[in-house]
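Here's the structure we're looking at; comments come further down.
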Amino acid sequence: MVKHSLHQRFFIALVPPPEIQAEANAIKQYFSDRYQSRAAHRSPPHITLQAPFEWPLAALPELTTALAQFASQQPGVSVVLNGFAAFPPRVIYIDVCPAPPLLLLQAQLTEYLHQILALSSSRPSRAFVPHLTVAFRDLTKANFAAAWAEFRDRPLNYTFTAEALTLLQHDGQRWLIAAAYPLLSGKQER
């Protein structure tokens, strides 16, 4: 259940289809069991497009309307997951190929949110590196080194078409899917 306050934390992401979520969740569980890294379990597998932000609950209809309008004008985007990569010394993730349509979608979304809702990124100077996190924050440096040696060259290949933008909401403990906004169906950027 979502806690009640005047503001809530949200972020916007692409969520892969169920079979890829299952695979990513199995990898997260492996990190939990083998390397005591459980923080990645606090959200469904996702590719963040807009970093977490605070939003007034009274203005939630404005946010949801804006997201629905933006998504309805954007084509589906092909997403390629290829192996693993890392942000040393604590983060290991499934690597997402930075294809131009995906980079464009993220750039257009952040600009739109800034223009329409005056929402700015919490880290405007950080370049967008699309990824799907499987271990972070509570992964110790020693466990990072061991896990990275194990996963650095491990193959993993999936391709899917992102068909919706997903709004995730923090309930005080974990991130939950609040809503999904379909992208233009039948049209896909290559």
- Query: Contour minus end-to-end for Ala127 and His114, with contour as 0.36 nm per residue of separation and end-to-end as the Cα-Cα distance?
  - Reply: 3.0 nm
- Item | Accessible-area order (highest first, 1.4 angstrom probe) of the listed residues Asp171, Asp153 | Asp153, Asp171
- Hey, can you list the DSSP H helices of the chain whose Cα span along the axis is 20 Å or longer and whose average Kyte-Doolittle score is at least -0.5? 100-117
- Task: Net charge near Ala86: determine it from the other residues with C-beta under 10 Å of the C-beta of Ala86, scoring Lys and Arg +1 and Asp and Glu -1.
- Result: +1
- Net length gained if the chain between Asn157 and Ala179 were fully extended (0.36 nm per residue, minus Cα distance): 5.2 nm
- Item | Contact order normalised by residue count of the chain, Cα under 8 Å, 6+ apart, percent | 35
- Note on the structure: In this structure, the FRET efficiency calculated for Ala39 and Ala149 from their beta-carbon separation, with R0 = 22 Å, to the nearest 0.05, is 0.60
- Query: Taking the Cα centre of the chain as the origin and placing charges on Cβ (Lys, Arg +1; Asp, Glu -1), which of Ala135, Pro61, Pro155 is farthest toward the positive end of the dipole?
  - Reply: Ala135
- Message: Under a Cβ-only charge scheme (Lys and Arg +1, Asp and Glu -1), can you give me the dipole magnitude of region 33-190 about the Cα centre, in debye to the nearest 20?
- Response: 420
- Item | Cα lying deepest toward the dipole's positive end in region 45-184, options Ala178, Phe144, Leu109, charges on Cβ | Phe144
- Task: Counting only heavy atoms of the protein chains, get the accessible area per residue of region 1-75 (1.4 Å probe) and round it to a whole Å² value.
- Result: 48
- Hand me the chymotrypsin sites (Phe, Trp or Tyr not before Pro) from region 34-119 located in a DSSP loop with no more than 12 other Cβ atoms within 10 Å, in residue order please. none
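The values are calculated or read from the model by the stated rules, or taken from the named source; none is laboratory data. Small disclaimer: the values here were computed from a predicted structure and weren't measured. In this analysis, Cβ positions are derived from the backbone assuming ideal geometry, glycine residues included, and neighbour counts consider all displayed protein chains. Surface accessibility is based on the protein's heavy atoms, side chains included, excluding ligands, DNA and RNA. Shrake-Rupley method; radii C 1.70, N 1.55, O 1.52, S 1.80 Å.
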